[in-house]
1. Whenever you get a sec, compute what percent of the accessible area on the chain sits on carbon and sulfur atoms (1.4 Å probe).
2. Going through segment 52-141, which GluC sites (Glu not before Pro) have at most 12 other Cβ atoms within 10 Å and a DSSP loop state?
3. For segment 71-343, what is the charge dipole size about the Cα centre, in debye to the nearest 20, if Lys and Arg each add +1 at the Cβ and Asp and Glu each add -1 at the Cβ?
4. Within the chain, which DSSP H helices have Cα atoms that stretch 20 Å or more along the helix axis and a mean Kyte-Doolittle hydropathy of at least -0.5?
5. Between Ala358 and Glu28, what FRET efficiency comes out of the Förster formula 1/(1 + (r/R0)^6) with R0 = 56 Å and r the beta carbon distance, rounded to 0.05?
6. Taking Cα pairs under 8 Å and at least six residues apart, what relative contact order does segment 71-343 come out at, in percent?
7. Beyond 14 Å, what share of the Cα-Cα pairs of segment 307-400 is found? Please give it as a whole percent.
8. Give me the number: length gained by fully extending Glu169 to Val84, i.e. 0.36 nm times residue separation minus the C-alpha to C-alpha distance, one decimal in nm.
Amino acid sequence: MQSMDNNTLTQRDLRVLWHPCTQMHDHETLPLVPIRRGEGVWLEDFNGKRYLDAISSWWVNLFGHANPRINAAIADQLQNLEHVILAGFTHEPVVRLSEQLVQLAPKGLSRCFYADSGSAAVEIALKMSFHYWQNRGEKKRTRFINLTSSYHGETLGALSMGDVSLYKETYQPLLLKPITVKSPDCYYREAGESWADYSTRAFAEMETALARYADEVCAVIVEPLVQCAGGMRMYDPVYLKLLRQACDKYRVHLIADEIAVGFGRTGTMFACEQAAIAPDFLCLGKGLTGGYLPLSVCLTTDEVYQTFYAEYATRKAFLHSHSYTGNPLACSAALATLEIFRDDDVINRNQVLAAHIAHATASLADHPHIAEVRQTGMILAIEMVKDKKTHESFPWQERRGLSVYRYALEHGALLRPLGDVIYFMPPYVIKPEEINLLAKVAGEGINIATTK
Ligand code: PMP
């Protein structure tokens, strides 16, 4: 094999690749980062320069890169079966994984339908909910309710349910038209107001929308507790409690998109647990395989399942599929991931790490250009603003977040701000001293970005 170096690889890349979520023109001045290997929270280039992966490679990695236990599980599965069609056929990893997910998920979610990306899992939830009402003869139900600042993926259906204009605006003519309700995002609470009070107050708008549109609506879709791509905006579990009650009252499904927040990110295995609720559809992805392989799943209830279960000629079946549905290698990575959660008491141990993250970043709250440092479990966000008092943002064209990204890369950390929101969403194998390093780099990067 030809030996490789940073420059050669990036030059070859820029001749043939088109990177995700990237204005490729930026790479005329912003170097692409070639990665040769990963280990734990660290990524390493061809010169041995290391980067602390503070964002878990787009929120997927839970137990570090090249995790020996997940590696071994995949290698073992590879000896037997790499893939098989899941229509009409089955295999042990997918059955075991489904049994375990049903056990772990909020009560009542007893069926697993697999896909290969988060967006695809969201499409499944939307289609299943719509189709459920069709099968029941409630044909007027064609709409969905979503929240401002929400994000649910990039395929057209999932994109329709999001509300981040940067990703959505261009495609508006192609999209479904959801009924968009104000988010309980506590960044907008009054001075002195608690998260719970603000989130409760914000619910009034949802109640009004449900009362008005219930007969036309299939489902409400939310990201429980943290709206991640929308800027790591956070809210109180009370909102989910009220939403569950209202969805029951108005006979509308609740779709919980835990693709980003599931698997321990918010401090509990699933964010819905903090509100003691169960959605009608639970979408999971990202961390499901520990960040190894593309796999997602939409869990639903027996009641939904039974609404599709009938003689073939009734044409009630859910005829949705993806080629790699339930891929055995991905399922074996997921099984190894769930085993680590059990064996290592991860959820409890993360409490210590979360407290350390809070401690290491506490002083940033006093920074003249930081409006808020907020945290839910293992997600910490730092909101950079022009004016601390009024929360006036920096003009987006100034790309201050990008300056933090550049600074962090130079100093050995992969931070990838969302606009001017800098956040940590690290693998759970991060050490306290590595958290300190991140806090230091982020603080210095913010100083530089806000003084230019
Ligand atoms: N839902 C949420 C809440 C997400 O954060 C994401 C991805 N960032 C998705 C859906 C889409 O997942 P994917 O990128 O795997 O399609």
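1. Answer for the chain is 54 percent, counting heavy atoms of protein chains only.
2. Glu82
3. It works out to roughly 740 debye.
4. 118-135, 195-213, 328-343, 346-361, 432-451
5. Efficiency, from the Cβ-Cβ distance: 0.90.
6. 28 percent
7. 79 percent
8. Between Glu169 and Val84, full extension yields an extra 26.7 nm.
The values are calculated or read from the model by the stated rules, or taken from the named source; none is laboratory data. In this text, all values refer to a predicted model and were calculated from it rather than measured experimentally. Glycine gets a Cβ as well: all are built from the backbone with ideal geometry, and neighbour counts include every protein chain shown. The accessibility values were calculated without ligands, DNA or RNA, using every heavy atom of the protein model including side chains. Shrake-Rupley method; radii C 1.70, N 1.55, O 1.52, S 1.80 Å.
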